[in-house]
Every structure is written in structure tokens, then in C-alpha cells.
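*Asks:* If you scroll down you'll find the structure; I have some questions about it.
The values are calculated or read from the model by the stated rules, or taken from the named source; none is laboratory data. Since the structure is predicted, the reported quantities are computational estimates derived from the model, not experimental observations. We place every Cβ from the backbone using ideal geometry, glycine too, and count neighbours over all the protein chains shown. The area values use the complete protein model at the heavy-atom level, side chains included, leaving out ligands, DNA and RNA. Shrake-Rupley method; radii C 1.70, N 1.55, O 1.52, S 1.80 Å.
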Amino acid sequence: MGIYRFLLSIFVAISHAGVLINGLNPGVIAVISFLIISGYVMTALIYKNYFDPKKIAWFYLDRIFRIYPQYLFNIITVLIIYYNFGLNSHYLSQPSQIGLLQNLLIIPMGFYMIPWVGEKFMIIPPAWSLGLEGCFYILIPFILIYKLEKIFFWLSYIIFFMAYLGIIHTDYFGYRLIFGTIFIFICGSFLYKNNNINTNQPVKFTLIFSCLLLAATFLDSRLILPFNREVLTGLILGIMFIHLLIKTKRTYLDDFFGNLSYGLFLSHYLVIFEFEQLEIRWNFQWILVMLLTSIFLSGIGFFCFEKPVIALRKKIRKQHN
């Protein structure tokens, strides 16, 4: 799925350059696929290496070594440029020690909509979704070990459906917070256990119901609420693509582009900060420059900071397999 993840990161990056596809935000659609993939991969990782309550702490350490090397590289790079050359962005308008701590902890960034967190010092703005991932990482070992998948799936889907209808905040509870999105992660977990959609009832339900809910937004304008269409489109496309990609053989190109995907996801906003500072207006050429520069930074992040830690992660897994 490496090439697919790389393409998803490109969709996230171009969405932050203001690109829409048929009026939809491609970044939101891509994030939903990322959530499904995360559910699939974490389920595989836990079943193979950490399926024991005594090993949960080691799973968390595994995730820390995966997330932080490139994340810290990008955090430090943004701060060096910010304090030496200045960056004019509302995301960096109110720096503080508490804000820096929240960025370093990552998970608080997933709750940026809460006033005491806020969005005035988001060093890497897309990190809010890493905060969402972090919440999932905390929960998923317990969900799998104690067989709570269906309970969490249905409770989460109820919250998502309430958000879809606008009963509760659609953007927050239908896209950004773990309460209404953990069922999306769990869809990936269900696909790991059974990739036959015809017999995988929760995934089959999600796919069919997503099509119906998406169709309803074209029949009732009251349902055109923030990111309803994007999230549902992401669910439909994500389930179908990941279902197909699970069957494909892993290749060198998959690994190569997959290794660049996370860094691209993180580093593109550093380039956007610079473009905003230079008051560059987005067009095809500048979007291409942004992507190429972000890919270059991603390469630095992976080969210089993440790759040296991979051996340590493998060692942890081998010790606890």
C-alpha cells in the first residue's frame, strides 16, 4: 500500500494549497483512507507482536519510535526558521511554552478545537490527525485483546450518524475526534481479519450505508454539512481500494514511496509556511514546486532520522514476538 499512501499524502498536500476536486476537499477523503489503513496495519502489528496485556507498553514504545523521528525533525526545522527568519501564519501567531508542550505530546493537537489547546500555535497543522491516531493507538490494544471491536464500532457509528445529521458538531464528531471516527479505524481492523466484503458484515454495512448517506446529501441540502460528502466518499473509496490492495504483492516501489509518504504528509506545511511568507499565489507550477520540495524534505527525514530507528523497532518486535 506504499504507493497508495504516497498518493494520499499528495492529496492532503494539494488540499492545503486550496485544490478541490468536484467541489470536494481531497485531503479529507485521503485522511479517511489513512484511518482505515491504520486500523488494518495496527491490527496486524498487535496480533503478530503485542497480543498480550503485558506487551501493551511495548506497542506504545513501537509507535513512539515510528512517529517521533520525522515529527521532531519537522518540528525543529519549522522552529529554526520561525525564530530566525519569521513565518507569518495564524497557526504560529501565539507561541507559548504550553503550546510547544502540546505540540511535542501530539495527542493534544487532536483536540485543537478545545479553547485551552487552540490552533494559534500548531507547528505542524496536519498534526491534529496524528493526535487522532494517537488516541486510536491508546485504545486499539485493549479493543483487540478484550474483543471489544463490535461494541466500539457501533457506539462510534451512532455518534458519527448523529454528526452526519447535524445533531452534534458535524466536523468535530464526524471527522476529527475519536468518538465518531474509531469505527473507521475498526473497518481496517475488520478487513485484516476478513477481506471478503460479502461476508464481513460491519464493513459491508459501512460501505452500503455510506453510499446511501452520500446519495441523501444530494436529495436533501440540509445534509450538506462540513465534510459529510468527503468523509462518506473517503469511506467508500478507502474500503474498496484497500480491499483490492490487500491482495496485491508488495514491491520495492511500494516500500520506497511508502517510506516517503509520512514525511511528505508532515513536511509539506513547512513549505506552505514559506510560500505564505513570500506571498506566493498558488498555481500548477507552484503546487508542483511545493510537492517536489516536500518530497525532498521527506527523503531527508526518512533516511537521516527514521531509518536509523527502524532497526530498533524491529528489535523490540523480535523480543516480544
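*Asks:* 222 nm [θ] for the chain, helices only, -39500 (n - 2.57) per DSSP H run of 4+, per residue, to 500?
*Replies:* Working: 12 runs with 214 residues, N = 321.
Value at 222 nm, helices only, nearest 500: -22500 deg cm²/dmol.
*Asks:* In Å³ and rounded to a whole number, note down the convex hull volume per residue for the Cα atoms of segment 201-256.
*Replies:* Numbers: hull volume 5.3 nm³, N = 56.
Spread over its residues, the Cα hull of segment 201-256 gives 94 Å³ apiece.
*Asks:* In debye, nearest 20, what is the charge dipole magnitude of segment 1-153 about its Cα centre with +1 on Lys and Arg Cβ and -1 on Asp and Glu Cβ, if you could check? Working shown, then result.
*Replies:* On the way: 9 positive and 5 negative charges, 67 e Å.
In total the dipole reaches around 320 debye.
*Asks:* Can you tell me the accessible area per residue over the chain, all protein chains present, probe 1.4 angstrom, in square angstrom? Before the final figure, lay out the partial values.
*Replies:* Working: 15220 Å² over 321 residues.
For the chain, the per-residue accessible area is 47 Å².
*Asks:* Enumerate the calculated ³J(HN,Hα) couplings along segment 140-153 in order (Karplus 6.51 cos²θ - 1.76 cosθ + 1.60, θ = phi - 60°), each rounded to whole Hz, writing x wherever the residue is Gly or Pro.
*Replies:* Running phi through 6.51 cos²θ - 1.76 cosθ + 1.60 with θ = phi - 60° gives 4, x, 5, 4, 6, 5, 9, 6, 9, 4, 5, 4, 5, 4 Hz.
*Asks:* Go through PHE179, TYR164, LEU79 and say which Cα lies farthest out towards the positive end of the charge dipole of the chain; charges sit on Cβ, +1 for Lys and Arg, -1 for Asp and Glu.
*Replies:* Comparing the listed Cα positions along the dipole, PHE179 ranks first.
*Asks:* If packing is taken as the average number of other Cβ atoms within 10 Å across a peptide's residues, how do 275-284, 161-170, 38-47 rank, most packed first?
*Replies:* Values: 275-284: 11.6, 161-170: 17.6, 38-47: 19.9.
Top to bottom by mean Cβ count within 10 Å: 38-47, 161-170, 275-284.
*Asks:* If one puts a single equal scatterer on every Cα of the chain and applies the Debye formula without solvent, what log₁₀ I(q)/I(0) results at q = 0.09, 0.10 Å⁻¹?
*Replies:* Log10 of I(q)/I(0), two decimals: -0.46, -0.57.
*Asks:* Taking a threshold of 27 Å on the Cα-Cα distance, which of the pairs LYS204/LYS249; LYS150/LYS314; LYS48/LYS147; LYS54/LYS247; LYS204/LYS247; LYS48/LYS249 fall above it?
*Replies:* Long pairs (Cα-Cα over 27 Å): LYS150/LYS314; LYS54/LYS247.
*Asks:* For segment 238-248, in order, what is each residue's ³J(HN,Hα) by Karplus, 6.51 cos²θ - 1.76 cosθ + 1.60 with θ = phi - 60°, in whole Hz (x at glycine and Pro)?
*Replies:* Using θ = phi - 60°, the values come out as x, 4, 5, 5, 5, 4, 6, 5, 4, 7, 7 Hz.
*Asks:* Residue by residue, what Karplus-based ³J(HN,Hα) values in Hz, rounded to whole numbers, does segment 208-218 have, using 6.51, -1.76 and 1.60 with θ = phi - 60° and x for Gly and Pro?
*Replies:* Using θ = phi - 60°, the values come out as 5, 5, 5, 4, 5, 5, 5, 4, 5, 5, 8 Hz.
*Asks:* Return the long-range amide H neighbours of SER89 (sequence gap of 5 or more, or a different chain), with a cut-off of under 5 Å between placed amide H atoms.
*Replies:* Sorted by chain and number, the residues that satisfy this come to none at all.
*Asks:* Would you be so kind as to identify which of ILE14, PRO53, PRO226 lies farthest towards the positive end of the dipole of the chain, taking Lys and Arg as +1 and Asp and Glu as -1 on Cβ and the Cα centre as origin?
*Replies:* Looking along the dipole axis, the top candidate is PRO53.
*Asks:* For segment 11-83, what does the alpha-carbon gyration tensor say about shape, rounded, prolate or oblate, given a ≥ b ≥ c as the root eigenvalues, a/c under 1.5 as rounded, and a/b over b/c as prolate?
*Replies:* Values: a/c = 5.12, a/b = 1.39, b/c = 3.68.
Oblate shape, in that a/c is at least 1.5 and b/c is the bigger or equal ratio.
*Asks:* What shape does segment 178-227 have by the C-alpha gyration tensor, where a ≥ b ≥ c are the square roots of the eigenvalues, rounded means a/c under 1.5, and otherwise prolate means a/b greater than b/c and oblate the rest? Don't jump to the answer; show the numbers that get you there.
*Replies:* Values: a/c = 4.42, a/b = 1.76, b/c = 2.51.
Taking the square roots of the gyration eigenvalues as a ≥ b ≥ c, segment 178-227 is oblate.
*Asks:* When the distances between all Cα atoms of segment 229-308 are binned every 5 Å from zero, what whole-number percent does each bin get?
*Replies:* The distribution over segment 229-308 is 3, 13, 16, 16, 16, 20, 12, 4, 1, 0, given as percents.
*Asks:* Here's another thing I want to ask about it. Could you tell me what percent of the accessible area of the chain is made up of carbon and sulfur, with a 1.4 Å probe and every protein chain present?
*Replies:* Of all accessible area on the chain, carbon and sulfur atoms account for 68 percent.
*Asks:* Still on this structure, please answer the following. Note the per residue figure in Å³ for the convex hull of the C-alpha positions in segment 18-167. Spell out each step's value before the answer.
*Replies:* Values: hull volume 22.5 nm³, N = 150.
Hull volume normalised by residue count: 150 Å³.
*Asks:* Roughly how big is the chain's charge dipole about its Cα centre, with Cβ charges of +1 (Lys, Arg) and -1 (Asp, Glu), in debye to the nearest 20?
*Replies:* Numbers: 24 positive and 14 negative charges, 261 e Å.
Dipole magnitude for the chain comes out near 1260 debye.
*Asks:* How big is D for segment 177-316, in µm² s⁻¹ as a whole number, if Stokes-Einstein is applied with the Kirkwood radius of its Cα pairs at 37 °C and 0.692 mPa s? Write down the numbers at each step before the final one.
*Replies:* Details: Rh = 18.4 Å.
So the translational diffusion coefficient is about 178 µm²/s.
*Asks:* Could you tell me what % of all Cα pairs in segment 96-240 have separations over 21 Å? Provide the component values of the computation, followed by the final result.
*Replies:* Numbers: 4991 of 10440 pairs.
Here the long-distance tail beyond 21 Å is 48 percent of all Cα pairs in segment 96-240.
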